[in-house]
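Before any comments, here is the structure.
Each reported figure results from applying straightforward, stated rules to the coordinates on display, with no laboratory input. Note that the coordinates shown come from a computational prediction; the quantities given were computed from them, not determined experimentally. Reconstructed Cβ throughout: ideal geometry from the backbone, glycine too, with neighbour counts over all protein chains shown.
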Amino acid sequence: MATINKGANKFYVGDNVRNPLAEITFVESGEERLVIDHTYVSSDLRGQGIAGQLVENVVLYAREAGKKILPLCPYAKNKMEENEAYHDVLSK
């Protein structure tokens, strides 16, 4: 399992926050919402469930902060809609 780090408005895998091996980025939208706008996983890490772990980290972060998530990124949107455990933070 890869180590997932927290950066400013992102969770990422790798030693370099500016050039990560995988990342999910989001922006704060008001006081009650996060907007996921991008998910990336390098070819070396694909197929290992890293993107799903990144989504899970944003979900946990949103829950702790009492925020909802609007997933504009197609991957994150699909993952959140498919997983009922994420529906509590999914913004309609």
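How much net charge surrounds Val58 when only other residues with a Cβ under 13 Å from its Cβ are counted (Lys, Arg +1; Asp, Glu -1)? Kindly include the intermediate steps, with their values, before the conclusion.
Working: positive: Lys6, Lys10, Arg33, Arg63, Lys67, Lys68, Lys77, Lys79; negative: Glu23, Glu28, Asp37, Glu56, Glu64.
Around Val58, the charge tally is +3.
Quick one: helix 50-65 against the long Cα principal axis of the chain, what's the angle to the nearest 10°, folded into 0 to 90?
It is inclined by approximately 40 degrees.
Could you work out the percent of alpha carbon pairs in the range 10-92 separated by over 15 Å, rounded to a whole number? Mind dumping the intermediate values first?
Details: 1789 of 3403 pairs.
Counting every Cα pair in the range 10-92, those more than 15 Å apart make up 53 percent.
Sort Leu54, Leu72 by Cβ crowding within 10 Å, fewest neighbours at the top. Could you put the intermediate results ahead of the total?
Working: Leu54 27, Leu72 13.
In order of increasing Cβ crowding within 10 Å: Leu72, Leu54.
Given only helices, namely DSSP H runs of n ≥ 4 each adding -39500 (n - 2.57), what is the per-residue ellipticity at 222 nm of the chain, to the nearest 500 deg cm²/dmol?
Details: 2 runs with 25 residues, N = 92.
Value at 222 nm, helices only: -8500 deg cm²/dmol.
Treat the count of other C-beta atoms within 10 Å as a stand-in for reagent exposure and order Tyr12, Tyr75 from fewest to most. Each step should come with its number before you reach the end.
Details: Tyr12 24, Tyr75 18.
Ascending Cβ contact count within 10 Å gives the list Tyr75, Tyr12.
What list do you get for Thr25, Thr39 if you sort them by fewest beta carbons within 10 Å? Intermediate results must be reported in sequence, preceding the final value.
Details: Thr25 20, Thr39 24.
By the 10 Å Cβ count, ascending, the order reads Thr25, Thr39.
Could you check the spin-label model distance between Asp15 and Ala85? Points 7 Å from the Cα along Cα→Cβ, value in nm.
3.2 nm
Go through the range 25-69 and name the GluC sites (Glu not before Pro) that are in a DSSP coil and have 12 or fewer other Cβ atoms within 10 Å of their Cβ.
Details: sites: Glu28, Glu31, Glu32, Glu56, Glu64; in loops: Glu31, Glu32.
Sites meeting the loop and neighbour criteria: Glu31, Glu32.
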